[in-house]
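The values are calculated or read from the model by the stated rules, or taken from the named source; none is laboratory data. Predicted model only: the values in this text are computed from it and were never measured. No Cβ is skipped: glycine too gets one built from the backbone with ideal geometry, and neighbour counts run over all protein chains shown.
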Amino acid sequence: MEPFVTSTVDNGIATVTFFHPQSNSLPGTILRKIADEITSAGNNSEVKVIILKSEGDKTFCAGASFDELIAIKNFEEGKRFFSGFASVINAIRRAPQFVIARVHGKAVGGGVGLAAAADYTLAVKDASIRLSELALGIGPFVVGPAVERKIGTSAFTALTINPTEWKSAEWAREKGLYADIFSTVDEMDAAILALAEKLSQSSSDAMEQLKKVMWKGTENWNALLIERAEMSGRLVLSEFTRNYIQKFKKAAK
């Protein structure tokens, strides 16, 4: 299957779905399309709630595309790529509707950022998480504010400074990243649908005001996340990062 991003609206529920054959990794084109679809749903007066999900049956999101990272040749290209993550997070933040994330498998790096940026995230018991950026010589700079906001500084630090260790879905639930976890995908989907249907019958004005309250203090994120993208854009050009990605890609063959 080719990479894609789709969006549907049914009875006030918008569903934004992304897919990439490499474990739902995120190249710049996919990031921009996700941001555009969330923004479009946010501007649609018929939409009462937004669901963010990925296709496949194993990994929710593997984070940044290594193929794209290794192809970055200068600072501007690096900044533009990492700004894609900023665009998605800010699109979720600015949407007046609540965004529910459906995490059906492991989440790495930017995938953890998507789960954290969503207003309400449900997952399966196998949906372990890892912030792997430091191992690459980068750091979770762009997604960091969203993750730290959701789980706190201590838990964010634990994820960041031990980038090769997986944290379980139960750990993620205890820290507040996941609102709940389920034994099966079917159980999770039933819970998401039930919640989305309830929200679709709720007051749009009340939900919009609630979201503003919940995101209070993030008004500077338009500028902050671009500054963070610049940090990553510089570091991705380092010899350390390029050597790491090359070794990883060779080992994966």
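What number of residues within segment 34-52 satisfy the criterion of being surrounded by fewer than 20 Cβ atoms within 10 Å (Cβ to Cβ) and either more than 13 Å from GLN97 (Cβ to Cβ) or of a type in the set (Ser, Thr, Tyr) (or both)? Outline the logic, then answer.
Step one: list which residues in segment 34-52 are surrounded by fewer than 20 Cβ atoms within 10 Å (Cβ to Cβ), which gives 36, 39-40, 42-46.
Adding the requirement that they be either more than 13 Å from GLN97 (Cβ to Cβ) or of a type in the set (Ser, Thr, Tyr) (or both) leaves 36, 39-40, 45.
Final tally of qualifying residues: 4.
For segment 134-150, filtered to residues that are touching a residue at least 60 places away in the same chain (Cβ under 8 Å) and more than 22 Å from MET214 (Cβ to Cβ), the residue that is surrounded by the most Cβ atoms within 10 Å (Cβ to Cβ) is ILE138. Those helices (runs of 4 or more DSSP H) of segment 117-205 in which 3 or more residues are β-branched (Val, Ile, Thr) and closer than 22 Å to ALA86 by Cβ occupy 153-160.
Of the residues making up segment 60-76, one or more are in contact with a Lys or Arg (Cβ under 7 Å, 6 or more places away or on another chain), over 23 Å from TRP166 (Cα atoms) and surrounded by fewer than 22 Cβ atoms within 10 Å (Cβ to Cβ). Remark: pairs (first residue in segment 48-61, more than 22 Å from ALA95 (Cβ to Cβ) and touching a residue at least 24 places away in the same chain (Cβ under 8 Å); second residue among the basic types (Lys, Arg) and crowded, with 17+ Cβ neighbours inside 10 Å; Cβ separation under 6 Å; 6+ apart in sequence or on different chains) = THR59/LYS106. Collect the residues in segment 232-243 that are in a helix (DSSP H, G or I) and surrounded by 18 or more Cβ atoms within 10 Å (Cβ to Cβ), keeping them in residue-number order. If the condition is that a residue be in a helix (DSSP H, G or I) and surrounded by 18 or more Cβ atoms within 10 Å (Cβ to Cβ), then SER232, GLY233, LEU235, THR241 are the ones that fit. Go through the residues of segment 220-238 one by one and say whether even a single one is under 22 Å from ALA95 (Cβ atoms) and β-branched (Val, Ile, Thr). Checked segment 220-238: at least one residue is under 22 Å from ALA95 (Cβ atoms) and β-branched (Val, Ile, Thr). Checked against (1) at pLDDT 95 or above; (2) surrounded by fewer than 24 Cβ atoms within 10 Å (Cβ to Cβ); (3) farther than 30 Å from ASN243 by Cα, ILE30 meets all criteria but (3). Just to be sure before I move on: is VAL16 at pLDDT 95 or above and either more than 19 Å from THR121 (Cβ to Cβ) or not in a strand (DSSP E or B) (or both) in the structure I sent? Answer is no for this residue. Looking across TYR178, TYR244, one residue alone is among the aromatic types (Phe, Trp, Tyr) and in contact with a strand residue (DSSP E or B) (Cβ under 8 Å, 6 or more places away or on another chain). It is TYR178.
The residue that is farthest from SER168 (Cα to Cα), counting only those in segment 24-44 that are hydroxyl-bearing (Ser, Thr, Tyr) and touching a residue at least 40 places away in the same chain (Cβ under 8 Å), is THR39.
Remark: pairs (first residue in segment 167-179, under 17 Å from ALA191 (Cβ atoms); second residue assigned to a loop (DSSP other than H, G, I, E, B) and among the hydrophobic types (A, V, I, L, M, F, W, C); Cβ separation under 6 Å; 6+ apart in sequence or on different chains) = ALA169/ALA127.
Please go through segment 62-106 and give me each residue that is among the small types (Gly, Ala, Ser), under 27 Å from LYS212 (Cα atoms) and either in a strand (DSSP E or B) or free of Cβ contacts under 8 Å to residues at least 12 places away in the same chain (or both), ordered by number.
Answer for segment 62-106, where residues must be among the small types (Gly, Ala, Ser), under 27 Å from LYS212 (Cα atoms) and either in a strand (DSSP E or B) or free of Cβ contacts under 8 Å to residues at least 12 places away in the same chain (or both): just ALA101.
So which residues in segment 176-211 are under 22 Å from the mean Cα position of the chain (by Cα), under 15 Å from ALA14 (Cα atoms) and surrounded by 15 or more Cβ atoms within 10 Å (Cβ to Cβ)? Selection gives ASP189, ILE192, LEU195, ALA196, LEU199. Can you find a residue that is farther than 14 Å from ARG102 by Cα, modelled with pLDDT of 95 or more, touching a Gly at 6+ places or on another chain (Cβ under 6 Å) and buried (at least 18 other Cβ atoms within 10 Å of the Cβ) anywhere in segment 151-170? Checking segment 151-170: at least one residue is farther than 14 Å from ARG102 by Cα, modelled with pLDDT of 95 or more, touching a Gly at 6+ places or on another chain (Cβ under 6 Å) and buried (at least 18 other Cβ atoms within 10 Å of the Cβ).
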